[in-house]
Amino acid sequence: MLKNRINLELEEIKRNNLYRSFKNFYKPNCERKFKISKNISKNFSSNDYLCLSSNEEILNAIKDALKYGSGSTGSRLTSGNINHEKLENTISEFKGTDSSLVYSSGYATNLGVISALCSKKDLILSDSLNHASIIDGCKLSNAKKIVYPHCDVEFIKKILEDEKFLKGNQFENIFIITDGVFSMDGDIAPIDELFKLCKNYNCTLIIDDAHGTGVLGKKGKGSLEHFKIKANENIIQIGTLSKANGLVGGYVTGYSELIDYLINKSRSFIYSTSLPPYVIAGATKSFELIENRNYVSKLQKNILVSNKIFSDIKNINFDNNHKTPIYPLLFGKNTMDMSNYLYNAGYQCIGIRYPTVAKGSERIRVSITSCHEKEDIINLKDKISKYIEN
Ligand SMILES: Cc1ncc(COP(=O)(O)O)c(C=O)c1O
């Protein structure tokens, strides 16, 4: 019975041209700068925005931490608390907060934080393009949820001013939850305006800065640095170690009581084995490098270069003032054909389809890193243009 259902569903996915499968892009010895080969010049699908996943200093920190063993051997509240607090202190310093807590992934962080904080007496206002892990965190919480149109501050304001609705429901807390940088569009949430609303209406702003950290702000500290807002008690920041930091893991950062509460209440934190100590050592090093080296400014220069180059692609609507390394090139129903054409030409440029994005907005998600050279970006643009012109 179950196998039948599985087969039927798989057939339907294939019929709708939505079948997902793996592609392998690992090619030994074709890397320019690093001992670990990642074929950076043609890889435009990675979230390794600062190329830290092959950084020598991080690799050395990881090697050094192998003295603690390969695994943490338990959850943080049992035997798995090794060098984790050092990383948490580093994150707090980096983000300008009191306290932080590390989870096994960004996904687990959103699930664990949102479900622990938002109770049935609360209201969640969530952006329509938020990441799946936020959506799942909201589903897991018992709060009332309203999904607002993408970045629509006026829509939120109307709700916060609707006395009849608010009095009728007697919410204890209202949360506005948003990606800092939207993962599939690369646009930045209006954090300044959302923060103003939160201050005026006494709400809490939860920002998932998975794609903002290491990317936005002079020092790569993320959305808040970009908008020149200091961390404060109206804001909870969530992050991942899997993108600009080049590792794996997630974290939440904010005021001390919040973190204390999560240590005691957040199920994906409490009931899961903590990250291995070598990951923690690498992550600790990665924050030091993001803050003190020129990787962030190199990435930001590459974004300016890419804006110019990509604006030459015909039939693609393009924001010349784009500020992030994520470029959504909308090709609709031709997306997978384009993605396969690029793959066969040696490029990693993943096509994104429903349900990750809405039907009709299928796209190639191009991501730029600090290690791309101008000629790499021009070569990609030329390949894309050739496809369009043929
Ligand atoms: C906005 C956003 N939040 C959370 C996550 C999940 O992070 P992780 O890969 O660390 O689980 C991702 C990554 O896919 C993301 O894009």
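The values are calculated or read from the model by the stated rules, or taken from the named source; none is laboratory data. Since this is a predicted model, take the numbers as computed values, not measurements. Backbone-built Cβ (ideal geometry, glycine too); neighbour counts: all protein chains shown. Side chains included, ligands, DNA and RNA excluded: accessible areas come from the protein's heavy atoms. Shrake-Rupley method; radii C 1.70, N 1.55, O 1.52, S 1.80 Å.
Are any residues in the range 248-259 surrounded by fewer than 24 Cβ atoms within 10 Å (Cβ to Cβ) and in contact (Cβ under 8 Å) with a residue 24 or more places away in the chain, and if so, which ones?
Listed by number, the residues that qualify are VAL248, TYR255, SER256, LEU258, ILE259.
Taking only the range 1-38 into account, find how many residues are modelled with pLDDT of 75 or more, of a type in the set (D, E, K, R) and assigned to a loop (DSSP other than H, G, I, E, B).
2
Would you be able to say whether some residue in the range 148-167 is β-branched (Val, Ile, Thr), assigned to a helix (DSSP H, G or I) and either in contact with an Asp or Glu (Cβ under 7 Å, 6 or more places away or on another chain) or within 27 Å of ARG267 (Cβ to Cβ) (or both)?
Looking through the range 148-167, at least one residue is β-branched (Val, Ile, Thr), assigned to a helix (DSSP H, G or I) and either in contact with an Asp or Glu (Cβ under 7 Å, 6 or more places away or on another chain) or within 27 Å of ARG267 (Cβ to Cβ) (or both).
What number of residues in the range 117-137 are open to solvent by 20 Å² or more (accessible area, probe 1.4 Å), farther than 30 Å from PRO328 by Cβ and either in contact with an Asp or Glu (Cβ under 9 Å, 6 or more places away or on another chain) or part of a helix (DSSP H, G or I) (or both)?
The qualifying residues number 3.
Going by what's in this entry, would GLY239 be described as crowded, with 21+ Cβ neighbours inside 10 Å and under 20 Å from ASN321 (Cα atoms)?
No, not satisfied.
I need the full set of residues from the range 189-220 which are of a type in the set (S, T, N, Q) and either within 16 Å of the ligand (Cβ to nearest atom) or open to solvent by less than 10 Å² (accessible area, probe 1.4 Å) (or both), in order please.
The one that is of a type in the set (S, T, N, Q) and either within 16 Å of the ligand (Cβ to nearest atom) or open to solvent by less than 10 Å² (accessible area, probe 1.4 Å) (or both): THR213.
Go through (1) within 29 Å of PHE171 (Cβ to Cβ); (2) open to solvent by 50 Å² or more (accessible area, probe 1.4 Å); (3) within 16 Å of the ligand (Cβ to nearest atom) and name the single condition SER223 misses.
For SER223, the failing item is (2).
Consider the range 169-188. How many of its residues are away from the ligand (no atom under 12 Å from the Cβ) and part of a strand (DSSP E or B)?
Selection size over the range 169-188: 4.
Out of curiosity, is ALA244 small (Gly, Ala, Ser), farther than 19 Å from SER45 by Cα and open to solvent by less than 40 Å² (accessible area, probe 1.4 Å)?
In short, no.
Out of LEU87, LEU101, LEU66, LEU77, I need the residue that is in a strand (DSSP E or B) and at pLDDT 95 or above. Which one?
Only one candidate passes the filter, namely LEU101.
Report whether or not GLY112 is closer than 22 Å to LEU247 by Cβ, of a type in the set (Gly, Ala, Ser), touching a residue at least 24 places away in the same chain (Cβ under 8 Å) and open to solvent by 10 Å² or more (accessible area, probe 1.4 Å).
The answer is no for GLY112.
Is it the case that ILE174 is closer than 30 Å to TYR354 by Cβ and at pLDDT 95 or above?
The answer is no for ILE174.
Condition first: charged (D, E, K, R) and crowded, with 17+ Cβ neighbours inside 10 Å. Now tell me which residues in the range 337-390 satisfy that.
The answer is ARG353, GLU362, ARG363, ARG365, ASP376, LYS381, LYS383.
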